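Reading through the structure tokens given below for one structure.
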Amino acid sequence: MVLWRREGFAEDEWAFLADDAPAPEGEAIVISLKRWLAERETLASRNAPVGVAVEAGADAQAHLPELAGRPLLALAFAKFADGRAFSYARLLRDRYGFKGELRAIGDVLIDEIPLMLRCGFDAFDVTNASTLKALEAH
């Protein structure tokens, strides 16, 4: 994945971990919502930042207020037609006062980036080849 922000391409300081992967000491990590819910007490006491990756769904929306205290939330766009992550972004920024990095992950398309920015996203993990090409040309 390639990280992109308004200023251009950036180095990603966060490591995305699988649910069964050990958390490396001293590194900023991003874990799944499932893992956060199972291990939040231990993870919250780490000496390094912990972000949470959120897949759309009823369980995810119910936990948005709690997640607003994390330094990074990665909202997943599983497919083009699923806009729930847009709604989550607005809720997090407007209702729950989220001040951290809001990152779009998954199927990030070039045509959606302006709306994502307006909804509060400030970072994008780009895997789509045409989106990547368009951003490189910009």
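Readers should treat all values here as calculations from the given coordinates under stated rules, not as data from a laboratory. On a predicted model such as this, the values are computed, not experimentally measured, just so you know. Note that each Cβ is placed from the backbone with ideal geometry, even for glycine, and that neighbours are counted across all protein chains shown.
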Rounded to whole Å, √(5λ) for the Cα gyration tensor eigenvalues of the range 32-137, largest first, gives 24, 14, 13
Heads up, the range 26-85 by the C-alpha gyration tensor (a ≥ b ≥ c square roots of eigenvalues; a/c under 1.5 rounded, else a/b over b/c prolate, else oblate) looks prolate
Among 13-23, 121-131, what's the highest-first ranking by average C-beta atoms within 10 angstrom per residue?
-> 121-131, 13-23
Hey, rough spin-label estimate for VAL2 and ASP107, points 7 angstrom out along Cα→Cβ, what's it come to in nanometres?
-> 2.1 nm
